[in-house]
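Undergrad: Here's a structure for you.
The values are calculated or read from the model by the stated rules, or taken from the named source; none is laboratory data. No experiment lies behind these values; they were computed from the predicted model shown. Cβ placement follows ideal geometry from the backbone for every residue including glycine, while neighbour counts extend to all protein chains displayed.
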Amino acid sequence: MCDFVPGEIMVGYPVDGPGRMIFEEILESARVGRSLLERDEIIMPMGDELPMAFRRVATLPGGEQAAVDDINRLTFEATVRLAQRYHPKSLLDPRQRVFAQPMHFLRPCHGNAGFGSAQPFRLTPTHFHYLYQIGHPNPRASEVRPTVAIIDGGLDVRLCPEDPFHGSVPPAVNLADSSDTSLGQPDAATTHGTLVAKLINEVCPEATLLPLRIIGGDGVDNNAVATEWALFRAVKEAIEAGADIINLSMRFGINTTKCPTCGDLPREVRTPGFELVVQHAAGSPGRIVVVAAAGNQGIGQLAFPSRFASTVAVSAVNSSLQHSYVTNFDHTGRHPLLFAAPGGDRGGDADEAVAESDDWRYHGTSFAAAYATGTLATIMSLHNVPAGQAVEILNQTSRTAFAGFDPEYHGRGVIRIV
């Protein structure tokens, strides 16, 4: 059962030092032994650490895992050979790590099947009640304008004609992994990406939005799925643009979409490459905060990448502060940065949506993550603090004193602006 992009793998390695030498050696061996062909490379800034490089490598569809296993074997053999020239400590340094992995898919964390649509929508009265619940300060004045990168399905202001954006909104940067040039046009933006951006803009009008489109492209479904390579390109773009917060209302795995290689429904995945990038972003001096949606399977495991301990993970609650019917949660109760935020609900006694179109009502952890991102940006703006400190303030001020509070569902508490 394969849940990754057919015919492609990813190799990560340091840009200098023995790790780079190992990579060059194994790539040459891999070309000869498996007819692998290198494609392109991303140099990812890692704060004070040595930058990491990620290389996309083509292989035969269906042979991805075999290629990964071969490269990891060659890495071990090259490391043993280089032990004669380098001190073992330098070869075992995590900053000199070389690894290979399949290239995975991502999809939006939306509570219904309309995540790939491009329908005009309108905000609901429930949304404005959610703003009141999180303590949205209005009016207010601040000269601090946090930069929020929204890695999603693009942004088209024409999709919300009844509720225009506050301030000017730049066009989305198209980073979708596709040869389809139409993806760069506003018509290709999804409702999902536009609504996520709109909710952030509603909570924090002062924030400078940086919409980065990765949904779409050659692979599975042009408007519903993104590739991990497009995600890496978007994270690099966000870092270089000086983003304070990255909103990722998406999850690894494609679950409801059949794998184009084997036809099976894939499992959820953990990707070491992106986990490494998130860890370094969170630990860097400037600290970029990554906010990720918990997922909408209603299970006791957070979806990746929200399960990574260095992300701000966000589950969904309804207007009664009870967990949404569809939200994932942390059955261990150990995630250090899990918060709950309004996200709508369906089932049981609650039927709440943050927005609606002619065909869909929008709810889910995607939108809970957007409210949380807007809240962090607002805290930055109100208190004139960096993103990392805004997380600490949120950790101290989120609501826990209410009936039904459960750390497995609510984590550190329900977000609020103080």
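Undergrad: Is it fair to say Ala316 is touching a residue at least 40 places away in the same chain (Cβ under 8 Å) and touching a Lys or Arg at 6+ places or on another chain (Cβ under 7 Å)?
TA: Working: touching a residue at least 40 places away in the same chain (Cβ under 8 Å): yes; touching a Lys or Arg at 6+ places or on another chain (Cβ under 7 Å): no.
So Ala316 does not fit the description; no.
Undergrad: Still on this structure: For Pro336, only one of the following conditions fails: (1) closer than 26 Å to Asp244 by Cα; (2) surrounded by fewer than 21 Cβ atoms within 10 Å (Cβ to Cβ); (3) of a type outside the set (S, T, N, Q); (4) modelled with pLDDT under 95. What is its number?
TA: It fails just one condition, (4).
Undergrad: Something else: Look through Glu206, Glu202 and report the one residue that is assigned to a loop (DSSP other than H, G, I, E, B) and at pLDDT 55 or above.
TA: On the way: Glu202 fails: assigned to a loop (DSSP other than H, G, I, E, B).
From the options Glu206, Glu202, the qualifying one is Glu206.
Matching residues to (1) surrounded by fewer than 17 Cβ atoms within 10 Å (Cβ to Cβ); (2) under 13 Å from the mean Cα position of the chain (by Cα); (3) modelled with pLDDT of 85 or more; (4) of a type outside the set (Asp, Glu):
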| position | (1), (2), (3), (4) |
| --- | --- |
| Ile239 | no, no, yes, yes |
| Asp244 | no, no, yes, no |
| Ile254 | no, no, no, yes |
| Asp264 | yes, no, no, no |
| Val269 | no, no, no, yes |
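Undergrad: Mind checking which residues of the stretch 314-352 are within 17 Å of the chain's Cα centre (by Cα) and β-branched (Val, Ile, Thr)?
TA: Val314, Thr327
Undergrad: Right, here's the next one. I'd like to know if the stretch 151-165 contains one or more residues that are within 30 Å of Trp229 (Cβ to Cβ), modelled with pLDDT under 90, assigned by TED's automatic domain parsing to the domain that holds Arg287 and among the aliphatic types (A, V, I, L, M).
TA: No, the stretch 151-165 contains no residue that is within 30 Å of Trp229 (Cβ to Cβ), modelled with pLDDT under 90, assigned by TED's automatic domain parsing to the domain that holds Arg287 and among the aliphatic types (A, V, I, L, M).
Undergrad: Return a yes/no flag: does the stretch 385-401 have any residue that is in contact with a Gly (Cβ under 8 Å, 6 or more places away or on another chain), buried (at least 24 other Cβ atoms within 10 Å of the Cβ) and modelled with pLDDT of 95 or more.
TA: no
Undergrad: Quick one: Thr332 ticks every box in (1) touching a Ser or Thr at 6+ places or on another chain (Cβ under 9 Å); (2) of a type outside the set (Gly, Ala, Ser); (3) closer than 27 Å to Ala403 by Cβ except a single one, so which number is it?
TA: For Thr332, the failing item is (1).
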